[in-house]
Every structure is written in C-alpha cells, then in structure tokens.
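The values are calculated or read from the model by the stated rules, or taken from the named source; none is laboratory data. The structure presented is a predicted model; accordingly, all values stated were derived computationally and were not measured. Ideal geometry is used to build each Cβ from the backbone, glycine not excepted, and the neighbour counts take in all protein chains shown. Note: areas computed on protein heavy atoms with side chains; ligands, DNA, RNA excluded. Shrake-Rupley method; radii C 1.70, N 1.55, O 1.52, S 1.80 Å.
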Amino acid sequence: MKKVYGSAADALDGLLFDGMFIAAGGFGLCGIPELLLDAIKEAGTKNLTFASNNAGVDDFGIGTLLQTRQVKKMISSYVGENAEFMRQYLSGELELEFNPQGTLAERMRAGGCGIPGFYTKTGVGTVIADGKEHKEFPTGPDGTAETYIMEPGIFADLSIVKAWKADTTGNLVFRKTARNFNPPAAMCGKVCVVEVEEIVEPGTLDPDTIHLPGIYVHRLIQGEHEKRIEQRTTRPAA
Amino acid sequence: MPWDRNQMAARAAQELQDGWYVNLGIGIPTLVSNYIPEGIEVTLQSENGMLGMGPFPIEGEEDPDLINAGKQTITELPHSAYFDSAQSFGMIRGGKIAMAILGAMEVAENGDLANWMIPGKLVKGMGGAMDLVAGVGRVVVVMDHANKHGQSKLLKECTLPLTGQGVVDRIITNLGVLDVVEGGLKIVELADGVTEQELRDLTEATLVA
C-alpha cells in the first residue's frame, strides 16, 4: 500500500469535510504540521474543531485558519499568543474548551488506545471538574479514598502530525522537543496524515529507534518546513 | 528587608534534594536553577517533553526543535531525554516528579492554589499547571506576600478560580517561609530583618503555632 503522497493537498484529498474534528500535534510553534495546516486553509474546509495544545500565532499554524474563519472550536490548554484568537473568542465567534495540558495529551492517547475515558485527579475541585463524573479510589495513604474525575478519550476524524523522518511505510522518528503532542495526536484520529523533513527507504531507520510505528500512519508527505521560533532566548558566549 | 526575587529563588533552591526530578514554573521559579546548592544534583523537567533541561543556547545555536514549556529556546545536557506529551504528563500524574516550584496569585490556608485565571480578564489557559499540582510529590509556591495594593495573597479562602484544591505544601514569599498544616499556615522562617508582626500584618490566612 502506498503511503507517500506528492503534496499536502494530495495527501488530504478526500479526507476533509465541513464540521470535522481534527487532532493536531505541536507545542507552541514547535513541531506543528505547518504544511498540512496550509493545505487545509487552501481547501477552505469550514466549522473545524481542533484538539491542539495551542492555537499558533496570528500568521502561523492554526492562527492562519482563524484568519479565514475556518475554525469553530478549539480544545486547548493555552492560547495566549494569538490576538485574532482572543478577538473571535471574546466576541463569541469561536468556542473554546480549556483542557489541562496533561489531560488533553492523555485524552488523545486514550482515544488512540480504544479507551473511552479515564479517571484523573487533575482539575478536581476546579471549574474543569464541573459536570464531570466524580469517583473515589483507595489510592491515598493507607488506602484512604481520593477523588478523581472522568475525562473522555478523544476520537478525531483526522490526525495531522509533524515528524522529523519517516520511512515509506510510515515508521516515524521525531526530533528533540518537537515530538510533544505529535504521537498522541497521531494515534487518536481515524486517519493520520504526517509531514516530515525526510522520507527514507525501509531499512534505513534502526527499528529500535522508531518513536511511532507506521501502523498509526496512513498518508505521508515530505516538505520544506519554516520551523519558526516563538521565543528566541540566548545566553552570552563564554 | 524583605527578600527580592533572586533571594526568594535562592531560598526556594534550598528545598531541592540530591537526585530529585523537579519542574520549575515560569517567572521567579525559573531563577531557582541559578541557585542549586553545590553537591546537589537535580534534573529539571520541561513538561513539553524533556528531562535534563540545559541553559539557553549561545547566539547562533538556537534550535527550533528544542524549546522549554515557556517556548524559549534551550539546550540539552549529556543526560537529557526526550518523550511525548502523554508520557511527560504520565510521569507528572504518576508522582514521579518530586517537586514543582511555581508562582501563584492566591494561596488559601487549606492549601488551595489559584494561579491561572482572573474572571473578566484575558484568560490564556492553565497549560500544565493543574496537572502538575495534582500530580507531583510536593508543591512549593514562590510569590509576593501581598499584592501591589498591600492586600494579602495568603487568604482564608481563595477568591479566584482554583488551579488545585489543597495542593500547596510550602509557600516562600518575600517575607518568609510558611507551611500548610492542619488548621492553617505555620511560619517556618522569616526573611532577614522581617519581624513576625510584619508578616502577620500582611497575612489574612489563619496562622497556627
């Protein structure tokens, strides 16, 4: 089966529809599927719901899809870097569901593992717990009860992911902290499309160093990435 | 004299123990890494997927694939390890991180913490703060004792939406160190030259002996 496509638009052909739910990898602007996001912008698909830790900045990442009003709802943990996001949110044009960062990551991982929900202490006693099932487990000191809330797994229509390298069968290797949300996002979609910096032949990547096996990957493109830095910080040279 | 930002960070660094894996929040907690006592080895976690966080890079060596949870460019160390966000918060939720040091807007005498939203103001999100305070072994808050209007930030009850319920173990302020204990807060230490009365005057929370 052929997984390698010629362009982001080709790789997304037949997968996009208005109102769909997309899980996207990336943290801030690090490791975001920038080419696939551009292609979704070009395709003009509307009323999108995104599960993504952040919403990009105004002119990069998911921020560009906010400019074109293609996003209906964001499920995120932190959205601070985006003026157009805030404008649409405060005017009621954009729905926002805040998830604690670890809860969002685990919701994706759980969905990808066929787990419809899980219990966590994160957010107990906060607004995050409002309306959620509460349950006690004997996990405290000497078997005392502790309260947990149930969080649902995420089952997305589409996963869009950025990795460093892939072989043609979709085995993926990520690089440094650009891994972040990409593996859990890749796992939770019905279809997963991945963009990488380099596609190599099978046998080139050491099987022991594969971060995400190709079973999760359905379509694959290679491309040039801008890889923008959000906060360039340096120290003086010694 | 109350402690300044760096003195608060230096005091917080005294909380570190050899061999610990620690998560430092943004702001004064980040400065703690400048004051790690000699002979103590701690490994810093960055919740976007790294253990063994190194210093900022020198100019020209910034790597867009290597950032911390504040989205700043950083470097790796010989013992660094990378992992995905689900595993990162798995180790947080699973209690593998010994301690988190983080800032706060309010702390209540029962250990409730508020540090992520002010209703009516711009809300950016909680990021990983709720996961950290619910999961790590020990939560140390570093913050000013009072706000700029002179009102205590150590309260009987938080007025702002909570980040976590009963999660704070120790508070390091510009006036001293307090522990959350049965019945209220207990003074552990006063900043040099700060009297107990000065600290009491700026503390709304119940102080217990």
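For residues in region A:90-115 being charged (D, E, K, R) and open to solvent by 60 Å² or more (accessible area, probe 1.4 Å), which is nearest to the other protein chains (Cβ to nearest Cβ)?
A:ARG109
Could you check region B:8-27 and list, in sequence order, the residues that are touching a helix residue (DSSP H, G or I) at 6+ places or on another chain (Cβ under 7 Å), buried (at least 22 other Cβ atoms within 10 Å of the Cβ) and among the aliphatic types (A, V, I, L, M)?
Those that are touching a helix residue (DSSP H, G or I) at 6+ places or on another chain (Cβ under 7 Å), buried (at least 22 other Cβ atoms within 10 Å of the Cβ) and among the aliphatic types (A, V, I, L, M): B:MET8, B:ALA9, B:ALA12, B:LEU24.
Taking the condition assigned by TED's automatic domain parsing to the domain that holds A:MET187 and in a loop (DSSP other than H, G, I, E, B), does A:THR122 pass?
No: the conditions fail for A:THR122.
Restricting to region B:59-70, give me the number of residues that are open to solvent by 40 Å² or more (accessible area, probe 1.4 Å) and either within 7 Å of chain A (Cβ to nearest Cβ) or in contact (Cβ under 8 Å) with a residue 60 or more places away in the chain (or both).
Within region B:59-70, residues that are open to solvent by 40 Å² or more (accessible area, probe 1.4 Å) and either within 7 Å of chain A (Cβ to nearest Cβ) or in contact (Cβ under 8 Å) with a residue 60 or more places away in the chain (or both) number 1.
What number of residues within region A:67-89 are at pLDDT below 95, open to solvent by less than 10 Å² (accessible area, probe 1.4 Å) and not polar (S, T, N, Q)?
2
Does region A:116-128 contain any residue that is within 25 Å of B:ASN115 (Cβ to Cβ), open to solvent by 50 Å² or more (accessible area, probe 1.4 Å) and facing chain B (nearest Cβ under 10 Å)?
Yes.
Counting only residues that are open to solvent by 30 Å² or more (accessible area, probe 1.4 Å), among the small types (Gly, Ala, Ser) and more than 14 Å from B:ASN23 (Cβ to Cβ), how many does region B:84-135 have?
1
To keep it simple, each residue is scored yes or no on (1) under 21 Å from B:GLY49 (Cβ atoms); (2) of a type in the set (A, V, I, L, M); (3) under 13 Å from the mean Cα position of the chain (by Cα).
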| position | (1), (2), (3) |
| --- | --- |
| A:SER91 | no, no, no |
| A:GLU97 | no, no, no |
| A:GLU106 | yes, no, yes |
| A:ARG109 | yes, no, yes |
| A:CYS113 | yes, no, no |
| A:GLY117 | no, no, no |
| A:GLY125 | no, no, no |
| A:ILE128 | no, yes, no |
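In the set A:GLY31, A:GLY56, A:GLY61, which member is in contact (Cβ under 8 Å) with a residue 60 or more places away in the chain and in contact with a helix residue (DSSP H, G or I) (Cβ under 8 Å, 6 or more places away or on another chain)?
Being in contact (Cβ under 8 Å) with a residue 60 or more places away in the chain and in contact with a helix residue (DSSP H, G or I) (Cβ under 8 Å, 6 or more places away or on another chain) holds for just one of A:GLY31, A:GLY56, A:GLY61, which is A:GLY31.
At the interface with chain A (Cβ under 8 Å from one of its Cβ atoms) and either open to solvent by less than 20 Å² (accessible area, probe 1.4 Å) or touching a residue at least 40 places away in the same chain (Cβ under 8 Å) (or both): is that true of B:GLY49 in this structure?
When the stated conditions are applied, B:GLY49 passes them.
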